[in-house]
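Chemist: Quick one: the structure is below, questions incoming.
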Amino acid sequence: MALEQTHVRRAAQLARLDLSDAQALSFVDDLNRILEMVDQLQSVETDDVAPLMHPLDATQRLRADGVTEGNERERFQRLAPATEDGLYLVPRVVE
């Protein structure tokens with residue numbers, strides 16, 4: 001399906017964009033080229049191709065999954081204006 005200027009105008013209207021006639025024609029050409037490229041990609045046989053996580057055969061260096069900061073809950077709760085049973089109390093804002 002080839003796009004026409006009416007399709008671009010409709011999409012621009014839905015997106016609340018103001019396009020000139022020259023811009024709309026330019027977008028028609030650009031979008032049609034994009035759609036042709038998508039059609040070309042869809043015609044490639046990929047049934048026996050395993051999905052890749054990354055195009056390069058590289059591995060990431062991972063850091064050790066360990067605790068780097070201690071539990072400072074008590075210190076933070078002492079700074080809060082109101083706490084109860086380890087929870088922060090806040091004023092009601094919705095009635």
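Chemist: Enumerate the amide H contacts of residue 83 below 5 Å, restricted to partners 5 or more residues apart or on another chain; note that Pro and chain-start residues carry no placed amide H.
Modeler: Long-range HN contacts for residue 83: 89.
Chemist: So how do 25-31, 15-21 stack up, highest first, on mean other-Cβ count within 10 Å? Display every interim value, and only then the final one.
Modeler: On the way: 25-31: 14.4, 15-21: 9.7.
Sorting 25-31, 15-21 by mean packing, highest first, produces 25-31, 15-21.
Chemist: Next question, about the same structure. Okay, helix-only estimate at 222 nm for the chain: each DSSP H run of n ≥ 4 adds -39500 (n - 2.57), divide by all residues, round to 500 deg cm²/dmol; what do you get? Numbers along the way, then the final one.
Modeler: On the way: 3 runs with 39 residues, N = 95.
Estimated from H runs of four or more residues: -13000 deg cm²/dmol.
Chemist: Using a simple charge model, +1 on the beta-carbon of Lys and Arg, -1 on the beta-carbon of Asp and Glu, nothing else, what dipole does the chain show about its Cα centre, in debye to the nearest 20? Each step should come with its number before you reach the end.
Modeler: Details: 10 positive and 18 negative charges, 122 e Å.
Roughly 580 debye, rounded to the nearest 20.
Chemist: Okay, moving on. How long is the chain along each principal axis, judged by its Cα atoms, biggest number first, in Å?
Modeler: 66, 49, 22
Only the coordinates and a few stated rules stand behind these numbers; no lab work does. Treat the numbers as computed from the prediction; the structure is a model and nothing was measured. Here Cβ is always computed from backbone atoms with ideal geometry, including for glycine, and neighbour counts include all displayed protein chains.
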